[in-house]
Structure formats: C-alpha cells, structure tokens
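First the structure, in the form of structure tokens, and then the observations on it.
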Amino acid sequence: ALIEPQRPIPDSLVVTDAAGKPLKLASLRGRWLMISVDGSACDRACVTKLYFMRQVRATQGPERDRVVEVWLRTDAGNVADVIEKAYPDTRKLIADPAALAAWLPVDAGTTLTDHIFVVDPNGNLMMRFPKDPNPSKIKGDITKLLKWSSIG
C-alpha cells in the first residue's frame, strides 16, 4: 500500500545501534530502506520478514547497494547468534515502540510487527507491505522503484 501523504522520518526519532551509540534514524537518508519492526527475541514471523528483505535485496543485482535492510528492535534484548550470522548486513537498531507507532501506520487489525515498510532516499515513508506478503510482489515493487527512481 502506498502511504499518502508520505511521512518523513521524524527528526526526533533516535535509535541505538549495536554498540549502544544513539543516532537519528533520519541519518540513514540517501538509500532505500526496507524496515521491519520486531522484538529482539525474533519469532518465526520476524525471521520470515528478515529473510524476505534479505532475498529481495539480493535479487536486485547491481542495484542492491541502493537498498538497506533495517530491523528496528523494540527492546534491548540479546539477538540470537543464529540470526546475527544469518543477517549480517541487516542494520539492527533499537527504537522506542511508542515513537514508531506514532510514525508508522498499520492496517486495521494488524500491528507494527506485521508489516515491512519502505522509506525512500529522501527519508519519506512511502510504502507498506501487508501481513504475510508475497515475496515476489515485494521484489517486483522494489525493482520498479529502483528502475524508475534516479535517487538513492
């Protein structure tokens, strides 16, 4: 679903990286962001979204460097080693769930953890994939965005 109107990343949205260093999420502007929101425990649905994001990015060929996978964790718990090893290129950041809920819209009857979100290189939230998406459709949409966009 296209997000209308687009929602810029709030300047006040500060996340924490793996080293415990705070940074503004808006500092990731300049590339396409595929964002998943989940707790650090990462259940089966979480792993599925991380897998889809990794695979969709990998299928973009030479354009894949324009896309960044971001996992916004809603707590500071430990991430399982198997997930760390399987998704080394995914940015694993800790964010305040209330701040995310204020920025990221969800479908009726769903939660933040059900969706994959897309942010354009200008820092605008512009797309949301539904719960249990078809990865082929995600790939097609991302391919079109990269083909027709000269930014990021």
>> Which count do you get for residues in the range 1-31 that are in contact with a Lys or Arg (Cβ under 7 Å, 6 or more places away or on another chain), open to solvent by 20 Å² or more (accessible area, probe 1.4 Å) and either within 25 Å of G140 (Cβ to Cβ) or in a loop (DSSP other than H, G, I, E, B) (or both)?
In response: 4
> Taking the stated definitions as given, is V79 in contact (Cβ under 8 Å) with a residue 12 or more places away in the chain and surrounded by fewer than 18 Cβ atoms within 10 Å (Cβ to Cβ)?
Replying inline: yes
>> I'd like to verify a number: residues in the range 101-117 that are open to solvent by less than 20 Å² (accessible area, probe 1.4 Å) and under 12 Å from W71 (Cα atoms), how many?
In response: 3
>> For a quick check of your reading of the model, give me the residue pairs whose first member lies in the range 14-42 and is under 13 Å from G77 (Cα atoms) and touching a residue at least 24 places away in the same chain (Cβ under 8 Å), whose second is open to solvent by less than 70 Å² (accessible area, probe 1.4 Å) and part of a helix (DSSP H, G or I), with beta-carbon atoms closer than 8 Å and at least 6 apart or on different chains.
In response: D38/A45; D38/C46; D38/K49; D38/T113; G39/C46; G39/T113; C42/L50; C42/I83
> Which residue pairs have Cβ atoms closer than 8 Å, lie 6 or more positions apart in sequence or on different chains, and pair a first residue in the range 89-111 that is more than 17 Å from L33 (Cα to Cα) with a second residue that is of a type in the set (D, E) and open to solvent by less than 60 Å² (accessible area, probe 1.4 Å)?
Replying inline: V106/D114; D107/D114
> Among the candidates V37, V56, which residue alone is touching a His at 6+ places or on another chain (Cβ under 9 Å) and either buried (at least 21 other Cβ atoms within 10 Å of the Cβ) or at pLDDT 95 or above (or both)?
Replying inline: V37
> Considering L125, L50, which residue is without any contact (Cβ under 8 Å) to a residue 60 or more places away in the chain and either closer than 23 Å to K24 by Cα or under 13 Å from the mean Cα position of the chain (by Cα) (or both)?
Replying inline: L50
>> I'd like to check something: does the range 123-141 contain any residue that is under 19 Å from P22 (Cβ atoms) and modelled with pLDDT of 95 or more?
In response: yes
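The values are calculated or read from the model by the stated rules, or taken from the named source; none is laboratory data. Since the structure is predicted, the reported quantities are computational estimates derived from the model, not experimental observations. Don't worry about glycine lacking a Cβ; one is built from the backbone with ideal geometry, like all the others, and counts go over all protein chains shown. Just so you know, the surface numbers come from the protein's heavy atoms only, side chains and all, with ligands and any DNA or RNA stripped out. Shrake-Rupley method; radii C 1.70, N 1.55, O 1.52, S 1.80 Å.
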